[in-house]
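Everything on this sheet refers to the single structure shown next.
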Amino acid sequence: MAHSWQPDFEQLVDEHQSMVYSLALRMTGDRGLAEEIAQDVFLELDRHLARIESPLHALHWLRRVAMSRSADALRRRKVRGMDLWVELSDGHGASAEERESPVGVRLEQLLTTLPQPLRAALLLRYQEDLTPEEIAATLDTPLATVKSNLQRGLKLLRAKAADYLKEYVRVKEQARGV
Amino acid sequence: MDEIERNQFERELTHSLERRPAPPSLARNLMERRSRQRAEHLHFRRVLWQRLAAGMVLASLLGGGFAWHHREQQRKGEAARQQVLTALRITSHALNQMKTQLAEHDRDQQE
């Protein structure tokens, strides 16, 4: 199909590298692997550039391929939750405000300990601000499964955050000699 | 979980899941890989065309050689046929002469 939009590869990289990298990083928890995945995704985009019809199409395509490549990489590398925790703990790119909030900082790390389908759904919902319908389309998953994954993921993450917060308060109180 | 608490948790989650800036090395390494892949692709295409051209030249040489050999065989066959025909003509001529001489000889004896 003929389309008037002429994609500029370098501009697309510039606009979407943060999105692709963040998805890959939060899915895999490994910075090196995330960068490699992001590069692979953009190189694949370069090969498919003629078929991209609009900026919105490029955005959806990049999201879908980034999630799919991250899942493939996880299957290959079998990265464990604890490794992810260590990788993400140096707060690369985190704002000062985030670093001040004990739960805020840990939520991202706790997210990496969730099962992959729950993590993927939460990531697209809260990082990319997608609706459950859009998430279902991106992950090629039934809508009911996405809604269930979102609910279960939130519940699990909240429970983990509450445990963490209790431990955080206990340690702080001990340090103060209470 | 009550609604307010849940909304607050979701806000906190949205806040902590803001997109992270990609490392500067990503775009640089990506462009390097892209250039390298393009160069490899060009090299591959060049080698492919060279091999294709070499194959076509070889096929032409073999075809030409075969055609030349075929024509040479035909020419030799034709020359041999002409030689045989010439030999037959000479033989026929000699036999006719001999037949005439014998006829003359018979006539002389009868006289």
Just give me the residues in the stretch A:113-166 being aromatic (F, W, Y) and free of Cβ contacts under 8 Å to residues at least 60 places away in the same chain, in sequence order.
-> A:Y126
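Quickly run through the stretch A:26-45 and pick out the residues that are in contact (Cβ under 8 Å) with a residue 40 or more places away in the chain, charged (D, E, K, R) and surrounded by fewer than 21 Cβ atoms within 10 Å (Cβ to Cβ).
Answer for the stretch A:26-45, where residues must be in contact (Cβ under 8 Å) with a residue 40 or more places away in the chain, charged (D, E, K, R) and surrounded by fewer than 21 Cβ atoms within 10 Å (Cβ to Cβ): just A:R31.
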Can you tell me which residue within the stretch A:49-63, out of those that are of a type in the set (A, V, I, L, M) and in contact with an Asp or Glu (Cβ under 9 Å, 6 or more places away or on another chain), is farthest from A:T138 (Cα to Cα)?
-> A:A58
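Looking at A:A144, A:A175, A:A162, which one is farther than 21 Å from A:S22 by Cα, within 11 Å of chain B (Cβ to nearest Cβ) and outside any loop (DSSP other than H, G, I, E, B)?
Numbers: A:A144 fails: within 11 Å of chain B (Cβ to nearest Cβ); A:A175 fails: within 11 Å of chain B (Cβ to nearest Cβ).
Answer to the check: A:A162.
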Within the stretch A:7-25, considering residues that are among the small types (G, A, S) and in contact (Cβ under 8 Å) with a residue 12 or more places away in the chain, the one surrounded by the fewest Cβ atoms within 10 Å (Cβ to Cβ) = A:S22
What number goes with the only condition from (1) assigned to a helix (DSSP H, G or I); (2) at the interface with chain A (Cβ under 7 Å from one of its Cβ atoms) that B:P21 does not pass?
-> (1)
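Just checking, does the stretch B:34-46 include any residue being closer than 30 Å to A:L154 by Cα and not basic (K, R)? Give the derivation first.
First pass over the stretch B:34-46, keeping only residues closer than 30 Å to A:L154 by Cα: none.
No - not one qualifying residue is present in the stretch B:34-46.
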When the stretch A:137-178 is examined, which residues are found to be crowded, with 17+ Cβ neighbours inside 10 Å and in contact with a Pro (Cβ under 7 Å, 6 or more places away or on another chain)?
-> A:V146, A:N149, A:L150
If we ask which residues in the stretch B:6-46 are more than 19 Å from A:D14 (Cβ to Cβ), aliphatic (A, V, I, L, M) and touching a helix residue (DSSP H, G or I) at 6+ places or on another chain (Cβ under 8 Å), their number turns out to be 2
In this structure, does B:T14 turn out to be among the polar types (S, T, N, Q), within 14 Å of chain A (Cβ to nearest Cβ) and in a helix (DSSP H, G or I)?
-> yes
With respect to B:R46, determine if the residue is closer than 30 Å to A:A24 by Cβ and not hydrophobic (A, V, I, L, M, F, W, C).
-> no
Are any residues in the stretch A:1-16 within 9 Å of chain B (Cβ to nearest Cβ) and either within 13 Å of the chain's Cα centre (by Cα) or charged (D, E, K, R) (or both), and if so, which ones?
-> A:E10, A:D14
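FYI, it's all coordinate maths here, none of it is from the lab. Computed from a predicted model, the values in this text were never measured in an experiment. All Cβ positions, even for glycine, are placed from backbone atoms using ideal geometry, and neighbour counts span all protein chains on display.
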